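Below is one structure; the comments refer to it alone.
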Amino acid sequence: MKKSLFAIGIMLALQATAAKADVDPNFHIYLCFGQSNMEGNAQWETVDNDVDDRFQMLATTDFDSPKRTKGNWYTANCPIVSPMGKLGPTDYFGRTMVAALPANTKVGVVAVAMGGSPIEMFDKDLYQQQLADHPTDWWATLAKNYYGGNPYGRLIEMAKKAQQTGVIKGILLHQGCSNCGNPEWPNMVKKIYDDILADLNLNATDVPLFVGETEYADMGGGCSGHNAVVAQIPTVIANGHVVSSEGIPGNGTDAWHFSAAGYRTLGKRYAYQALKVMGLATKADADYQMADNLKKFFKLEDFDNTDLTVRLGATKTLKVVGKFADGHTELLTKDAEISSNDFTIENGELKGTEVKTGVVTIAYTDFLGNRVNKNINVEVTDQGPNHVLVVNNGTAGENPWDKQCNTYLNGTMTTGHTYVVTARIKADNPGDIALWPIWNASPNKNQWGGSTDVQYLEGKTLTKEFDVYKWEFKADYTIDKLQFAFGKISGKVYFDSVSCKEKGSDDEMVINGGFEGDDLSKWEVIGYNGQTMAIEELDTPAGISTIKVDKPQRSLLYNLAGQVVDENYKGLVIQNGQKRLNR
């Protein structure tokens, strides 16, 4: 008996050794999960058909076209996430990684994603309740049809299979629109990340998490506010990294998804982040034989930047936009080199401290190793047209909150202190505007993830001529954001000289409120409601006209949900910033 047990032990040890021998340390596996952007939402094109067979996908469900069987490896031709998926970030993540890594290295992705899915569907302790609460939702149907109703379980099952042949090197996540703005989202992601590590016997130091941002508002995104939540990932996950989507175009048809060109860029950015974490250059391997289509995607030909005029005293954010051989453009500011012998440039910002002309040089080395330089002529002047923020509402909404222009302050107000907000505003079509200072960081949220701690100040009426409007109020909260609501106005609304200061102080809380710089990172409109914004030049001077504080205004009535009501409304209302009971 002892000999038999000994023989069995030897046999099991030999089997374990053989299994380990089958694991290729140069087969790098990345787990991918999320909702529709991770699943892929853009139709792939002819240029996407060339795929290096070193880039592999593990089918996490059965596919009909092309025919694939769950649990088997295939060359990563589209679609690579699910039968419903299209081109997404995983496609050019893999293409970029295999191009950068040595010829003996393969890259594989193991992906589970469902369009519209909340993050809770990937929590092994919460997904069953989610399915019970939403049995007929689209994402629930996808989860049942493709992943046996347990997306997390399928991801772990397939990841364990992948570990039989390769080594898990990282995790990619793109999700958030279904949990937009939820302050608990980073902790929810952390739990899922920790569960994955535990269930697969992985160490956090060896497996970074890469989390992609949602579409920016200026690209048409309807959930750009979630990026403030995504930014918290590195604070709760030591090996967590954010992948920027700044400047990446949306598809132009909805407020949630990127275009095909956008997905290619986003995938490349995921790869660049992964390479940097590995301590490698974001550069193609010298011996890599790259397809012509891919070369055009990676080859920078020129910059889209033109000569600049900067107003004296203003700060200009220098955004570097690259033009590539395949025709797409990319925002390259974070990795470009910006220098000048004529101006002081700090963190990509040029300050117009004196009237003068000079040159700024921008340079960038692309993935192929080509270096491109360009000189930009810059003039700092105290003359010339005024710059304003132009918000195009398109068609009017039904409610004041349907169209907004909002700005995040560079600090928070002190509760009980008095503040003064002024702004020069006009509209192509006259109508009402209201100011709603808000404590955006408040934990008190409504069903859409927005803060409920808002002060509803009095409404004012805009005309076709610039007037300066003033709101003076005592802060009820530690307000960190100003909301200008003008949903019933169609066409364009123009903002200039927007200012917020504590009464008696000269400290400005609005960033770029004069719009003489081009930094709109603290400004937003509601892209999913059809709004766009841009800084434009007006020939009219920036002089201050009479402040219209005493101008007769229609005082709007709001219920406690922030909705405009008429005088027949019964209950608590807010008028001119004050609560009263309407009987």
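The values are calculated or read from the model by the stated rules, or taken from the named source; none is laboratory data. Only a predicted model underlies this, so the values are computations on that prediction, with no experimental measurement involved. Virtual Cβ from ideal backbone geometry, glycine too; neighbours counted across all protein chains shown. For accessibility, only protein heavy atoms count, side chains too; no ligands or nucleic acids. Shrake-Rupley method; radii C 1.70, N 1.55, O 1.52, S 1.80 Å.
With θ set to phi - 60°, apply the Karplus curve 6.51 cos²θ - 1.76 cosθ + 1.60 along the range 97-106 and write out the HN-Hα couplings as whole Hz, x wherever there is a Gly or Pro.
So the J values, rounded to whole Hz, are 5, 5, 5, 8, 8, x, 5, 8, 10, 10.
Quick check for you: with a 1.4 Å probe and neighbouring chains kept, what is the accessible area per residue of the chain, in Å²?
With all protein chains present, the chain gives 45 Å² per residue.
Quick one: work out the % antiparallel among DSSP beta bridges in the chain, nearest 5.
Around 75 percent of the beta bridges assigned by DSSP in the chain are antiparallel ones.
To the nearest 500 deg cm²/dmol, what mean residue ellipticity at 222 nm is calculated for the chain from DSSP H runs of n ≥ 4 alone, each contributing -39,500 (n - 2.57), summed and divided by the residues?
-5500 deg cm²/dmol
Past 22 Å, Cα to Cα: identify those pairs from LYS403/LYS522; LYS161/LYS283; LYS319/LYS501, in the order given.
The answer is LYS161/LYS283; LYS319/LYS501.
Can you tell me the length gained on complete extension of the stretch GLU502 to LYS374, counting 0.36 nm per residue apart and subtracting the Cα distance?
Extending this stretch completely gives an extra 41.7 nm.
Please give the length that would be gained between LYS276 and ASP476 if that part of the chain were fully extended, namely 0.36 nm times their separation in residues minus their C-alpha to C-alpha distance (nm, one decimal). Could the numbers behind the result be given before it?
Working: separation 200, 0.36 × 200 = 72.00 nm, distance 4.48 nm.
Gain on extension, LYS276 to ASP476, equals 67.5 nm.
Quick query: amide H of ALA314 versus all other amide H atoms, modeled in the peptide plane; which residues come in under 5 Å with a sequence gap of 5 or more or a different chain?
GLY352
Tell me, what HN-Hα J-couplings in whole Hz come from the Karplus equation 6.51 cos²θ - 1.76 cosθ + 1.60 at θ = phi - 60° for each residue of the range 397-411, using x for Gly and Pro?
Using θ = phi - 60°, the values come out as x, 8, 10, x, 7, 5, 10, 9, 10, 10, 9, 8, 7, 8, x Hz.
Residues with beta-carbon under 12 Å from that of ALA76, excluding ALA76: net charge, scoring Lys, Arg +1 and Asp, Glu -1?
-1
I'd like the orientation of helix 2-21 relative to the chain: the angle between its Cα long axis and the longest Cα principal axis, in ° from 0 to 90, rounded to 10.
50
What number does the range 149-214 give for Rg over Rh if you use C-alpha atoms and the Kirkwood radius?
On the way: Rg = 12.8 Å, Rh = 13.0 Å.
Dividing the radius of gyration by the Kirkwood radius yields 0.98.
Shape verdict for the range 178-307, please, from the Cα gyration tensor: rounded (a/c under 1.5), prolate (a/b greater than b/c) or oblate.
Oblate is the answer for the range 178-307, as a/c is 1.5 or above yet b/c matches or exceeds a/b.
Return one number: the angle in degrees, 0 to 90 and rounded to the nearest 10, between the long axis of the Cα atoms of helix 151-162 and the longest principal axis of the Cα atoms of the chain.
So the helix axis and the longest Cα principal axis differ by about 40 degrees.
Would you mind telling me the share, in percent, of accessible area of the range 261-351 contributed by carbon and sulfur at probe 1.4 angstrom?
40
Using only alpha carbon pairs under 8 Å that are at least six residues apart, calculate the relative contact order of the chain and give it in whole percent. Don't skip to the answer; put the middle values down first.
Details: 1350 pairs, mean separation 67.8, N = 583.
It rounds to 12 percent for the chain.
If amide hydrogens are placed 1.01 Å from N in the peptide plane, which non-local residues have theirs closer than 5 Å to the one on PHE303?
Amide H neighbours of PHE303: LYS323.
Set the Förster distance to 56 Å, then compute FRET efficiency between LYS144 and VAL355 from the Cβ-Cβ distance, nearest 0.05.
For R0 = 56 Å, the calculated efficiency reads 0.25.
What is the helix-to-structure angle for 138-147, meaning the angle in degrees between its Cα long axis and the longest Cα principal axis of the chain, kept from 0 to 90 and rounded to the nearest 10?
Its long axis makes an angle of about 10 degrees.
When the convex hull of the Cα atoms of the chain is projected onto a plane and the area is averaged over all directions, what value comes out in nm²?
Numbers: hull surface 130.2 nm².
Spelled out: convex hull of the Cα atoms, projected over all directions, averaged, 32.6 nm².
If amide H atoms are built 1.01 Å from N in the plane of the peptide, which residues on other chains or at least 5 residues away come under 5 Å of the amide H of ASP519?
Answer set, sorted by chain and number: THR317.
Please state, as a whole number in µm²/s, the translational diffusion coefficient that the Stokes-Einstein equation yields for the range 357-448 at 4 °C and 1.567 mPa s, with Rh defined as the Kirkwood radius across alpha carbon pairs.
Rounded to a whole number, D works out at 67 µm²/s.
So what is the relative contact order of the range 403-533, in percent, for Cα pairs below 8 Å that sit 6 or more residues apart?
40
Whole-Hz Karplus ³J(HN,Hα) for the range 207-218, in order, using 6.51 cos²θ - 1.76 cosθ + 1.60 and θ = phi - 60°, x for Gly and Pro?
Residue by residue, the range 207-218 yields 10, x, 10, 10, 10, x, 6, 7, 5, 6, 4, 6 Hz.
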